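Below: one structure, written as C-alpha cells.
Nothing in this text is a laboratory measurement; each read-out follows from the coordinates by a stated rule. Please read all numbers here as calculations on a predicted model, not as lab measurements. Neighbour counts run over all protein chains shown; Cβ positions are idealised from the backbone, glycine included.
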Amino acid sequence: MASHLPPEMIKEILCRLGVKDLLRYRSVCKEWCSIIDGPDFITTHLKHSKLGLLINGFGSLETPDQLVWVELDGLEREDSLVRFNQLFEERASVLGGCNGLLVVEVDAVKAMAIWNPSTRKYRVLSYNSNSSYRSWVMGFGYDPIYSMKAKTWRRLDDDFHENYGYNEFDDHVLVNNALHWILTPKLEGHGPFAFIFEFDLVTEQHREISMPNFELVEGEMFTYKLDRGSSVVWARLFSVLPSEIIGSVYHPLQSVEYLVPLAYHKTTDKVLLCINYQRLVVYHLQIKTAKDVRISDIPNHFEPFLCVNSLVGVD
C-alpha cells in the first residue's frame, strides 16, 4: 500500500511519528530508509517533535543512574514514557541539551560526549580542562551557521577570558541562541551582587545583565521573564510561597530549599515545578495549590531538563 502513496504523503506521515518507531521503519524498504536518514526529513521531524521532560535520575552504589523521557502533556501516562540506557558504565552527568542532543560528562574518564539517547549515537569530545581559574562554567547550545565536522575547539578573543566569578547554581539556560548563567562576581568593579552572564552563540558577543530588583515577601519564590534586546526589561510572571506547596503535596515536605520552574502545564494557569530535585508538582497559579506528578520507578533524587526526542546526528 505504501508504494502507491506519493513520496510527499509518505514524508508527511512519517515526520509525525516518534523516533523509536522511525528507527524500526528504516528497515521497511530502501525508500523509507533514505527518507528517514535525509537531512531535510530530520529537520522537518524536529519541528514536529513534542516537547518532553528528561529526568536524569541519580542512583546509588546499589542502583544505577536512570535516564527517562516523558512527554510534557502526558507526564503520568506510561505510554508516553521512554527509558534510555546509559551511554557508559561509569556515571555520566548531563550538562545540557539542545535539539535532542545531550552533552554529558563521564566522571570516571574525565571526558565529555555529545549523545543522542534516542538514536544511541555519540561522539566523544576531547578538551583541555586545565585552566588558570579555579571556577569555570559549561554551556551547550546550537549555532545554525556552525558545523561540528571541524572537530576542533576555537579559542575566543582574549578579552573574553576575564574571570567574572563563580557559577553558584551549576546550571545554564539557552534562549534565542544565547546561553545564560547566574554568576557571583569575584573581581573588583563588578559589584557585590550576582548577575546574569549572556553569550550569543551566533554573534559570539557577551554581556552582563543585572538581576531583577523587586521587593519580596519573606519566603517568597518567584519567576521572571527577560525580554532581550538593546535594553533589558524584566516582568514578574508569578510567585510561590513554600507554605502553599508544603501543605498541598501528597507526601509532606519538610522544607523547600530549591524550586525550579520548568514549563507551563497545558494552560498558563498551571506550572510544572521541581522541588529540591526530589519532587515534581503541578502548581495551580489561581487557586494556589500543588499536585504531585507521579512517574513510576524514578530515583529519589534527579535533575530535570526540557528537551525533545530527535533524529539529529552528532556529526
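Brief remarks follow.
- If R0 is taken as 51 Å, the Cβ-Cβ distance between Ser34 and Thr268 corresponds to a FRET efficiency of 0.75.
- Gln205-Glu12 FRET efficiency (beta carbon distance; Förster radius 41 Å; 0.05 resolution): 0.55
- Three-way shape call for segment 2-45 based on the alpha-carbon gyration tensor, with the a/c threshold at 1.5: rounded
- Distance (nanometres) between label positions extended 7 Å along Cα→Cβ at Asn213 and His301: 3.8
- Length added when fully stretched, Thr184-Ser27, from 0.36 nm per residue minus Cα-Cα: 51.3 nm
- The gain in end-to-end length when the Ser255 to Ser93 segment is fully stretched comes to 55.7 nm, 0.36 nm per residue minus the alpha carbon separation.
- Across the cross-link table entries Lys47/Lys270; Lys50/Lys121; Lys47/Lys121; Lys11/Lys121; Lys11/Lys291, which are compared at the Cα atoms, the separations over 30 Å belong to Lys11/Lys291.
- Placing unit charges on the Cβ atoms only, positive for Lys and Arg and negative for Asp and Glu, gives segment 2-45 a dipole magnitude near 200 debye about its Cα centre.
- Estimated FRET transfer efficiency (Asn176, Lys50; beta-carbon r; R0 22 Å; 0.05): 0.55
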